[in-house]
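The structure appears right after this line, and notes come after that.
The values are calculated or read from the model by the stated rules, or taken from the named source; none is laboratory data. From a predicted model like this one, the values you see are computed outputs, not experimental measurements. Cβ sites come from the backbone with ideal geometry, for glycine too, and all protein chains shown count toward neighbours. When the accessible area is computed, the model is the full protein with side chains, heavy atoms only, and any ligands, DNA or RNA have been set aside. Shrake-Rupley method; radii C 1.70, N 1.55, O 1.52, S 1.80 Å.
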Amino acid sequence: HLGQGSFDCGVIGYAGGPWDEEISLPGVLANAGYHCLNAGWRNMHPRRKLYGYHNAIIHDLREGVDDYWEWLKREVGPRAFERGHGSDANGWLARPWHLEERFHPTVWTVDTALEMIAKRDPTRPFFMWCSHLRPHSPYDPPQFYWDMYINQDLGEPPIGDWAEVHHHEGVPPLRTAWQGDLGAKATHRCRAGYMGCISQIDYEMGKMEELLRHIDGVNPENTIWLFSSDHGDMMGDHYLHRKTYAYEGSARIPFVVRYPKGYDGPTGEFDHPVGIQDIMPTLLDIAGVEGPGTMTGESVVKAARGEPWREFIHGEHSPCYGPDNAMHYL
């Protein structure tokens, strides 16, 4: 939302404090005449602050500020709970979703985004941040997506010859552990649930594109699409779990751009190192909106066109799960 790397914006680890930035992607687009909407997961502080959006309907894991939880209780009953299946929001225990598929937060997020777009200001272009909590744990896809992977050979997690320090053989990890050997069966279930959650998002994005065609004034082919993530999960790679690491499982994320129809931009796959600080400048570049001078990211379209590009990304993360869980990396 700032177009800045972690050092530049001052957030070098998980931060739960207030964000006081004056410039944001939705704020810049709002000033350019866009109607800016946000549906789903955000994890911002304070949670109800708009940060430049005109409207936000959020899923934020707190009673009283989570619109999804309120909806779920209205639809299912007062005792309904997203994690009523017993898997923790930061845990490795995986299992199928315990309610009907239509009540899953991934479905709700897309349905909410579509409703917000349908009720937008029709005289202005729109910007929608449709943000899914999954495939962040709990790894709880509906049964259809669980069945895609649970009986497949998913391969073995990579284990580096340096990783023995995280092994802790014979000690059953806590359900929110950040290190330890889960054993083959639990690791397989963890990975199958994770992949199922990703495939569910794939299907829901297809639904979103199809249903956008039925909303007056919206053509998905004339819309910029950018699909990315904040991180991956380790799921047993090097006996590690959760995120915050510079290793492939955590740091390698999708970064996929689809141009609007008629836009003259290079297509294909590119090997340039990119980060989420490149999202804001990329969207502003394609939309033709001038970006603020505070951005330290770059438009990936420049890289695709062969213009000068960074050779590496430097990142860092402060201690999160323990004093040794911190790093700088290239």
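If a helix is a whole DSSP H run, which ones in the chain reach 20 Å or further along their own axis (Cα) and hold a mean Kyte-Doolittle hydropathy of at least -0.5? Kindly include the intermediate steps, with their values, before the conclusion.
On the way: long enough: 184-212 (42 Å, -0.35).
Span-like helices, by this rule, are 184-212.
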Item checked: Hits among lysines - C-alpha to C-alpha of LYS185 under 23 Å, sequence gap 8 or more where chains match -> LYS243
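Can you tell me the order of 48-60, 188-200, 284-296 when each peptide is scored by its average per-residue count of other Cβ atoms within 10 angstrom, highest first? Don't skip to the answer; put the middle values down first.
Values: 48-60: 18.5, 188-200: 23.2, 284-296: 15.5.
My ranking of the peptides, most packed first, is 188-200, 48-60, 284-296.
Using unit Cβ charges (K, R positive; D, E negative) and no other charged atoms, how large, in debye to the nearest 20, is the dipole of the chain about its Cα centre? The partial results should precede the final answer.
Values: 29 positive and 46 negative charges, 179 e Å.
Taking the Cα centre of the chain as origin, the dipole is about 860 debye.
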Next item on the list: With springs connecting C-alpha atoms under 10 Å apart, model the chain as a Gaussian network and identify which of ILE313, ILE224, ILE201 has the largest mean-square fluctuation.
Entry: ILE313
Notebook entry, point to check: So how far apart, in nm, are the two label points at VAL76 and TYR263 if each is 7 Å from Cα heading toward Cβ?
Noted result: 3.7
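For HIS241, HIS317, write out the residues from largest to smallest accessible area, computed with a 1.4 angstrom probe and no ligands counted. Provide the component values of the computation, followed by the final result.
On the way: HIS241 5, HIS317 40 Å².
Most to least solvent-accessible, the answer reads HIS317, HIS241.
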Next item on the list: Collect residues whose amide H, placed 1.01 Å from N in the peptide plane, falls under 5 Å from the amide H of TRP41; neighbours closer than 5 in sequence don't count.
Entry: HIS59, SER131, HIS132, LEU133
Notebook entry, point to check: Between segment 107-136 and segment 215-290, what's the alpha-carbon centroid distance in Å?
Noted result: 17
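Where in segment 56-112 are there GluC sites (Glu not before Pro) that are in a DSSP coil and have at most 16 other Cβ atoms within 10 angstrom of their Cβ? Working shown, then result.
Working: sites: GLU63, GLU70, GLU75, GLU82, GLU100, GLU101; in loops: GLU63, GLU82, GLU100.
Qualifying residues, ordered by number: GLU63, GLU100.
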Checklist line | Accessible-area composition of segment 30-147, carbon plus sulfur, in percent [1.4 Å probe] | finding: 51
Checklist line | Paired Rg and Dmax values of segment 258-330, which use every Cα atom, in angstrom | finding: 15.5, 51
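Which FRET efficiency, nearest 0.05, do LEU50 and LEU174 yield, Cβ-Cβ r, R0 41 Å?
Details: r = 37 Å, r/R0 = 0.90.
FRET efficiency, LEU50 to LEU174: 0.65.
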Notebook entry, point to check: GluC sites (Glu not before Pro) within segment 293-326: which are DSSP loop residues with at most 10 other Cβ atoms inside 10 Å?
Noted result: GLU311
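Looking at the chain only, what percent of DSSP beta bridges run antiparallel? Nearest 5 please.
Values: 8 of 20 bridges.
Of those bridges, close to 40 percent are antiparallel.
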Notebook entry, point to check: How many nm is it between the label spots at PHE7 and ARG102, if each spot is 7 Å from the Cα in line with the beta carbon?
Noted result: 5.2
Next item on the list: Give the relative contact order (percent, whole number) for segment 1-152; include only Cα pairs under 8 Å separated by 6+ residues.
Entry: 25
Note to self: If each DSSP helix of 4+ residues adds -39,500 (n - 2.57) and the sum is divided by the residues in the chain, what number results at 222 nm, nearest 500 deg cm²/dmol?
What the structure shows: -8000 deg cm²/dmol
Margin query: Using a 7 Å offset from the Cα along the Cα-to-Cβ direction at both MET148 and LEU61, what is the distance between the two label points in nm, to one decimal?
Written below: 2.3
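Pick out, in residue order, every one of the GluC sites (Glu not before Pro) in segment 187-286 that is DSSP loop and has at most 12 other C-beta atoms within 10 Å; say none if there are none. Could you put the intermediate results ahead of the total?
Numbers: sites: GLU204, GLU209, GLU210, GLU221, GLU248, GLU269; in loops: GLU269.
The qualifying sites are GLU269.
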Notebook entry, point to check: Just for the Cα atoms in the chain, what are the lengths along the principal axes, largest first, rounded to whole Å?
Noted result: 61, 51, 38
Item checked: Cα-based radius of gyration of segment 180-330 once divided by 2.2 N^0.38 Å, which approximates compact folds -> 1.25
